[in-house]
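The values are calculated or read from the model by the stated rules, or taken from the named source; none is laboratory data. No experiment lies behind these values; they were computed from the predicted model shown. Note: ideal-geometry Cβ built from the backbone for every residue, glycine included; neighbour counts use all protein chains shown.
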Amino acid sequence: MGKFYITTPIYYVNDVPHIGHAYTTIAADVLARYHRLLGDDVYFLTGTDEHGQNIERIAAEKGVPPQEYCDGIVAKFKELWRLLDMSNDYFIRTTDERHVRAVQKFAAALLASGDVYRGRYAGWYCRRCEAFYQPDELLPEELCPVHKRAVEWTEEDNYFFALSKYQQKLEHLIGETDFVQPETRRNELMGVLRQGLQDFSISRERVRWGVPLPDDPEQVLYVWVDALLNYITAIGYGDDPDTFERYWPAEVQLMAKEIIRFHCLYWPAMLMSVGLAVPKCVFAHGWLTKDGQKLSKTTGNIIDPFELVERFGSDAVRYFFLREGAFGADWDYTDLAFVRRYNADLANDFGNLLNRTTQMVVRYFDGVVPAAVEWRDPVDEPLMEAASALGERVADAVKRLALQELLTEIWTVVEQANKYVQETAPWELAKGRKAGSEEAGQRLSTVLYNLVDVLRLLANCVLPVMPNKAESLLSQLGIGLDPEAGWATLTSVGTYPAGNRVLPGEVLFPRFDESALD
Ligand SMILES: [Zn+2]
């Protein structure tokens, strides 16, 4: 047993939450829930990034104070996380007083590190990106490469962080350790490092909505520095040393791939500068497209997470996004793929397995699960062996952050259990028993016990992904959730208490009508 500190990025409150935020946060939640079942001391953090010139501008356009604007968007994030059953231990906001105080402490340590100097910045600045660009990075006619809007020539006095001093240390961290995953992202960063690192300014003179520097309140800390620090201020940096020692460094920092430069270059260098450990792993997942097109609010090609949860429920959404695309790669979303996978994997394979099994227990044993008879038929072996190995396979995939793979592992056993029903044909055994065959009666008991027991094991394995459905499945099996039991017990075969009564209930995954899609 160890500890497991996992973070999502804190999401920028320039707009309401979108599917990308949901995707990252679902993955983090699933990992946090697995680690809790594995017995780890888990801390799962998410939150919002609320400072900077953009927020100042948007709030002004809406005619409200920035804090009031932020509060409104934050409420939407919190609502979505509640709808999606997020189990975060804390929700940090960069406007929290505690964060602001701790950021100032960090800034003071950074200023004292010898890595910060005052200089004059002159360069092309995009207000929307809140970032400076090199001339060769701009589109023709001085347009921002991201926003395709005019950048401004900006000159101001700023504090600079000597990132260039960390060139070798970062080359080692990124090139020689498992700090960055997956591999494609490491290669991208090695490319950046080969160009040579440039110092960057960590303060802004003309921004007001932010954290003022401790000794120079005319300067506000660069919004990215302020935001990155949430990962340590949330767990008590500068204010609660016991909790900070307990959780830092983070085991996994999850994010979408567009922000890895900040997290893999700026962030570790700043931590090294003040003598703190760097996170153990930064993992960047890929981008989603919809119907083969880039997601874009302007073209209306969006996947609305609120609407998805409304239509399919939280569990199915959580399942689909982890199962459909490899975690780390880019992949395409379509409504049709969602409905087909839902019907095939959940309604047919998993839901039917539960229905058939509980109905047979009711029909042949009045709802009381029989004990397995000692001897086993060779036809039992493939299922029981695969089920026995599942707990370890899932735990291994969790450690490798292979979220899609862990679901395919679980569904291999689901398929095998369905095959087992066909092969053992309990309805034929029931006829044999009725005709007086003791052997058929014993086989019927064994087969149904095995099916109930494997369903229990499957429910425990899928619990972190579909917490509500797994709990309802367990209660249909007449048992409850035992989160303290330990992973080995939860996933070992033969632990279902025979003599217990099943309680068949509502259809777990009602089929979704494909023709109802517009
Ligand atoms: Zn821009």
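Restricting region 188-201 to residues that are surrounded by 13 or more Cβ atoms within 10 Å (Cβ to Cβ) and either of a type in the set (D, E, K, R) or within 16 Å of residue 263 (Cβ to Cβ) (or both), the residue that is farthest from the chain's Cα centre (by Cα) is 199.
Taking region 208-220 on its own, how many of its residues are out of contact with any Asp or Glu (no Cβ under 7 Å at 6 or more places or on another chain) and either surrounded by 12 or more Cβ atoms within 10 Å (Cβ to Cβ) or in contact (Cβ under 8 Å) with a residue 60 or more places away in the chain (or both)? Let's see the steps before the verdict.
Looking only at region 208-220, we keep the residues that are out of contact with any Asp or Glu (no Cβ under 7 Å at 6 or more places or on another chain), and these are 212-217, 220.
From the residues that got through so far, the ones that are either surrounded by 12 or more Cβ atoms within 10 Å (Cβ to Cβ) or in contact (Cβ under 8 Å) with a residue 60 or more places away in the chain (or both) too are 212-216, 220.
Residues flagged as out of contact with any Asp or Glu (no Cβ under 7 Å at 6 or more places or on another chain) and either surrounded by 12 or more Cβ atoms within 10 Å (Cβ to Cβ) or in contact (Cβ under 8 Å) with a residue 60 or more places away in the chain (or both) within region 208-220 amount to 6.
Look at residue 450 and say whether it is modelled with pLDDT of 95 or more, within 24 Å of the chain's Cα centre (by Cα) and either surrounded by 15 or more Cβ atoms within 10 Å (Cβ to Cβ) or within 22 Å of residue 392 (Cα to Cα) (or both). The answer is no for residue 450.
For region 89-110, which positions are of a type in the set (Val, Ile, Thr) and part of a loop (DSSP other than H, G, I, E, B)? So that I can check it myself, show each step before the final result.
Going residue by residue through region 89-110, those that are of a type in the set (Val, Ile, Thr) are 92, 94-95, 100, 103.
Matches in region 89-110: 94, 95.
With respect to (1) under 23 Å from residue 33 (Cβ atoms); (2) buried (at least 18 other Cβ atoms within 10 Å of the Cβ), the lone exception for residue 475 is condition (2).
Against the criterion of being among the small types (Gly, Ala, Ser), at positive phi and surrounded by fewer than 20 Cβ atoms within 10 Å (Cβ to Cβ), residue 486 qualifies.
Here region 111-141 is the region considered, the condition is being more than 16 Å from the ligand (Cβ to nearest atom), among the aliphatic types (A, V, I, L, M) and assigned to a strand (DSSP E or B), and the residue that is surrounded by the fewest Cβ atoms within 10 Å (Cβ to Cβ) is 122.
Out of 514, 423, report the one residue that is at pLDDT 95 or above, under 24 Å from residue 346 (Cα atoms) and surrounded by fewer than 21 Cβ atoms within 10 Å (Cβ to Cβ). Show your work before the answer.
Values: 514 fails: at pLDDT 95 or above.
Unique residue meeting the criteria: 423.
Quick test for you: out of 394, 339, 369, 398, pick the one residue that is β-branched (Val, Ile, Thr), more than 21 Å from the chain's Cα centre (by Cα) and within 30 Å of residue 32 (Cβ to Cβ). Going through 394, 339, 369, 398 in turn, just one is β-branched (Val, Ile, Thr), more than 21 Å from the chain's Cα centre (by Cα) and within 30 Å of residue 32 (Cβ to Cβ): 339.
If only residues of region 143-188 that are in contact (Cβ under 8 Å) with a residue 24 or more places away in the chain and hydroxyl-bearing (Ser, Thr, Tyr) are counted, the one that is farthest from residue 281 (Cα to Cα) is 154. Filtered by the rule that a residue be buried (at least 16 other Cβ atoms within 10 Å of the Cβ), under 15 Å from residue 444 (Cβ atoms) and aliphatic (A, V, I, L, M), region 352-367 gives 360, 361.
Report yes if residue 488 is part of a helix (DSSP H, G or I), free of Cβ contacts under 8 Å to residues at least 60 places away in the same chain and touching a helix residue (DSSP H, G or I) at 6+ places or on another chain (Cβ under 8 Å), otherwise no. Break it down into steps so the answer makes sense when it comes.
Numbers: part of a helix (DSSP H, G or I): yes; free of Cβ contacts under 8 Å to residues at least 60 places away in the same chain: no; touching a helix residue (DSSP H, G or I) at 6+ places or on another chain (Cβ under 8 Å): yes.
Against the criterion (part of a helix (DSSP H, G or I), free of Cβ contacts under 8 Å to residues at least 60 places away in the same chain and touching a helix residue (DSSP H, G or I) at 6+ places or on another chain (Cβ under 8 Å)), residue 488 does not qualify.
All of (1) farther than 22 Å from residue 244 by Cβ; (2) in contact with a helix residue (DSSP H, G or I) (Cβ under 9 Å, 6 or more places away or on another chain) hold for residue 71 with one exception: (2).
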